[in-house]
1. Going by alpha carbons, how many degrees (0 to 90, nearest 10) lie between the helix axis of 54-66 and the longest principal axis of the chain?
2. What number, in percent, do you get for the relative contact order of the chain if the mean sequence gap of Cα pairs under 8 Å and at least 6 apart is divided by its residue count?
3. Under a Cβ-only charge scheme (Lys and Arg +1, Asp and Glu -1), can you give me the dipole magnitude of the chain about the Cα centre, in debye to the nearest 20?
4. Using the Cα centre as the reference, give the magnitude of the dipole from point charges on the C-beta atoms of segment 112-165 (Lys, Arg: +1; Asp, Glu: -1; all else neutral), rounded to the nearest 20 debye.
5. Relative contact order for segment 94-167: what percent, with Cα pairs under 8 Å and sequence separation of 6 or more?
6. With point charges of +1 on the Cβ of Lys and Arg and -1 on the Cβ of Asp and Glu, referenced to the Cα centre of segment 94-167, which listed residue (SER144, SER118, ILE167) lies farthest in the positive direction of the dipole?
7. Among the GluC sites (Glu not before Pro) within segment 126-198, which fall in a DSSP loop and have no more than 13 other Cβ atoms within 10 Å of their own Cβ?
8. Determine the sum of side-chain charges near HIS99: Lys and Arg each +1, Asp and Glu each -1, restricted to other residues whose C-beta is under 11 angstrom from that of HIS99.
Amino acid sequence: MSGGLFPGGVAFNSVTIKNNQPAISTSASSGRVQVKTQLAQYWSFNATLPTMTRAQWAPIAAFVTTQRGPNFPFTIRIPEYKDTLGALTTQTVTINGAHVAGDTSVALTSTGLTQTDSLKAGDFVNFLGDHNKTYMVTADVDFSSGNGVLNIEPGLAVACSGGETLIYKDVAFTVRLEESTQEWSMGLASTVGYDIDFREAL
């Protein structure tokens, strides 16, 4: 069985991130529109790698090939988003108390911490043991006497009993390749160009 961590060492030239939130809408003859969202949000990505030498490309080619198209989930860290912009550095932060699936406001605790801008709106985070779902922080997070509140989208994928560790450094997305066919081009100077499409694997 494959999977693993997407090879590092080559930064992306660009990354396009899509926030996919499936919804069903109905329109009445009066013009009124009703929208029902589905609890199935996922992130999807298109990443463009810089022109690489054959030696740089080889481990990526091998990794992509072993995924067998979208068959296996793997993890990937996007350099520009893997670390949060807030003031948290090495503090251990955990969920404070039980929360149900769908909660978009999560109580946090970190022993004795008082700090503003611990996390910033737009950061990506996830939790140990939370089915590998990654969330976006939707409001700046401050801590007072060890307590803070984290607002996220989408809501929690699973219920939490409390004590789950917040991951805010080296945040990885769990994804799978979007397409069954992967294609790359080799230039006359033995250089390779490659775009990759992948989406969250939930």
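None of the figures in this text is laboratory data; all of them are computed from the coordinates on show. Values in this document were obtained by computation on a predicted structure and should not be read as measured data. Don't worry about glycine lacking a Cβ; one is built from the backbone with ideal geometry, like all the others, and counts go over all protein chains shown.
1. Roughly 60 degrees, rounded to the nearest 10.
2. On the way: 458 pairs, mean separation 51.3, N = 202.
Once normalised by length, the contact order is 25 percent.
3. Details: 12 positive and 17 negative charges, 75 e Å.
In debye, rounded to 20, the chain gives about 360.
4. Details: 2 positive and 7 negative charges, 21 e Å.
The calculated dipole for segment 112-165 is roughly 100 debye.
5. Details: 189 pairs, mean separation 33.4, N = 74.
The value is 45 percent.
6. Farthest towards the positive pole: ILE167.
7. On the way: sites: GLU164, GLU178, GLU179, GLU183; in loops: GLU164, GLU178, GLU179, GLU183.
Those satisfying the criteria are GLU179, GLU183.
8. Details: positive: none; negative: ASP103, ASP130, GLU164.
Neighbour charge sum, excluding HIS99 itself: -3.
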